[in-house]
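Undergrad: Before I ask anything, here is the structure I am working with.
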Amino acid sequence: MWYQQTITLDPKSRGFHLITDEIVQELRRLGDVQVGLLHLLLQHTSASLTLNENCDPTVRSDMENHFLRQVPEKANYEHDYEGADDMPAHIKSSSLGVSLTLPVSRGKLLLGTWQGIWLGEHRNHGGSRRIIATLQGE
C-alpha cells in the first residue's frame, strides 16, 4: 500500500513546537498500516522537522536559545532582502533537516517513550507550513 497526503499546519510562533498529535490526527490511513514507514517532508526552506523530547517543554525553549546563539540574526549575510530572520532560518533548516522517516506498526508510529515530532519555526512570521506525508506498508 502507498498513500500520500498533504498536511497543512496552522501558523506557529517562532521556536520549536511538538506536532506529533497534529500529524497523527491528520493521517487518514495510518490505522491501515500493519508494518510500514511514514515519510514526512516539510516543503519549506526556513523551518525544520526533527525528532526530540516530547515531555518537557523547556527542552524546546533551550533548543531555540541554542540556535539563536549559534546562528545570530545580526551577521553579515548577503541574502537579507526577506528580513534579518530569513538567512538564519535557512541555515537552521539545513542544519536540522526537513524530513523524517518513521516506522509504523499496527497503525501507530513506533516512537521512543520520550520522542516526539517537532516543527522548528525559524521565522518570526513563517505562516502556515505544508508537510507531504507518504505512507508505505502492508
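Undergrad: In the range 1-30, how many are in a strand (DSSP E or B) and closer than 23 Å to Trp114 by Cα?
TA: Matching residues across the range 1-30 total 5.
Undergrad: Still on this structure: If you check Thr45, Thr20, which single one turns out to be touching a His at 6+ places or on another chain (Cβ under 7 Å) and either closer than 17 Å to His90 by Cα or at pLDDT 95 or above (or both)?
TA: Just a single option satisfies the conditions, and that option is Thr45.
Undergrad: Going by the structure shown, is Gly112 out of contact with any Cys (no Cβ under 9 Å at 6 or more places or on another chain) and surrounded by 17 or more Cβ atoms within 10 Å (Cβ to Cβ)?
TA: In short, no.
Undergrad: Return the only residue of Ser48, Ser94 being among the small types (Gly, Ala, Ser) and open to solvent by 50 Å² or more (accessible area, probe 1.4 Å). Before the answer, list the steps.
TA: Working: Ser48 fails: open to solvent by 50 Å² or more (accessible area, probe 1.4 Å).
The match here is Ser94.
Undergrad: Among the residues of the range 67-75, is there at least one that is in contact (Cβ under 8 Å) with a residue 12 or more places away in the chain and not in a loop (DSSP other than H, G, I, E, B)?
TA: Yes, the conditions are met somewhere in the range 67-75.
Undergrad: Yes or no: the range 72-86 includes at least one residue that is at pLDDT 95 or above and within 19 Å of His39 (Cα to Cα).
TA: Checking the range 72-86: not a single residue is at pLDDT 95 or above and within 19 Å of His39 (Cα to Cα).
Undergrad: Something else now. Under the condition of being over 11 Å from the mean Cα position of the chain (by Cα) and more than 9 Å from Leu100 (Cβ to Cβ), which residue from the range 35-45 is least open to solvent (accessible area, probe 1.4 Å)?
TA: Looking at residues that are over 11 Å from the mean Cα position of the chain (by Cα) and more than 9 Å from Leu100 (Cβ to Cβ), I get Gly36.
Undergrad: Please state which one of Thr134, Thr113, Thr101 is outside any strand (DSSP E or B) and either under 19 Å from Leu51 (Cβ atoms) or in contact with a Pro (Cβ under 8 Å, 6 or more places away or on another chain) (or both).
TA: Thr113
Undergrad: What's the number of the only condition in (1) free of Cβ contacts under 8 Å to residues at least 24 places away in the same chain; (2) in contact with a Leu (Cβ under 6 Å, 6 or more places away or on another chain) that Leu102 fails to meet?
TA: Of everything listed in (1) free of Cβ contacts under 8 Å to residues at least 24 places away in the same chain; (2) in contact with a Leu (Cβ under 6 Å, 6 or more places away or on another chain), Leu102 misses just condition (1).
The values are calculated or read from the model by the stated rules, or taken from the named source; none is laboratory data. This one's a predicted model, so the numbers in the text were calculated from it and none came from an experiment. Heads up, the Cβs are rebuilt from the backbone with ideal geometry, glycines too, and the neighbour counts pull from every protein chain shown. Keep in mind that these areas ignore ligands, DNA and RNA; they rest on the heavy atoms of the full protein, side chains included. Shrake-Rupley method; radii C 1.70, N 1.55, O 1.52, S 1.80 Å.
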